[in-house]
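> Next up is a structure, given as structure tokens.
The values are calculated or read from the model by the stated rules, or taken from the named source; none is laboratory data. The structure displayed is predicted, hence computed values, not measured ones. A quick note on method: Cβ atoms are made from the backbone with ideal geometry, for glycine too, and the neighbour counts reach across all protein chains shown.
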Amino acid sequence: MTAKVTAEDVERVADLAHLRLTSDETGNMVHDLNAILDYVAQLNELDMRSVTPLAQVSELDRAGRASSVRQDVIKPSLNRVEVMLQAPESDQAFFKVPKVIER
């Protein structure tokens, strides 16, 4: 049995995300999220015993081709002191930016 998303669940997540949803939007979101959960439940019914688990798609066998993932090479970065001197506001370790989220 698939867990169902309720209007209360959607309202709680919307509140956490600082979103204002109308009752119509909440109803649509409940419908859409439950449709997604139903689809995932269908996928869970598939027999995946013969499928090799992957952490990411780049792990797939490239059949002799070069990897699309670049080599991890250490390169020099910017000088912190010089960068902080150019910042409009800093505490010499971090950039200071205005607060943008009010609650």
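> Which members of region 1-38 meet the condition of being more than 26 Å from residue 101 (Cβ to Cβ), at pLDDT 95 or above and either in contact with a strand residue (DSSP E or B) (Cβ under 7 Å, 6 or more places away or on another chain) or of a type in the set (Ser, Thr, Tyr) (or both)?
Once the filter is applied, which keeps residues that are more than 26 Å from residue 101 (Cβ to Cβ), at pLDDT 95 or above and either in contact with a strand residue (DSSP E or B) (Cβ under 7 Å, 6 or more places away or on another chain) or of a type in the set (Ser, Thr, Tyr) (or both), region 1-38 yields only 6.
> May I pose another question? Can you tell me which residue is surrounded by the fewest Cβ atoms within 10 Å (Cβ to Cβ) among those in region 50-103 that are touching a Phe, Trp or Tyr at 6+ places or on another chain (Cβ under 9 Å) and either modelled with pLDDT under 90 or in a loop (DSSP other than H, G, I, E, B) (or both)?
This residue is 88.
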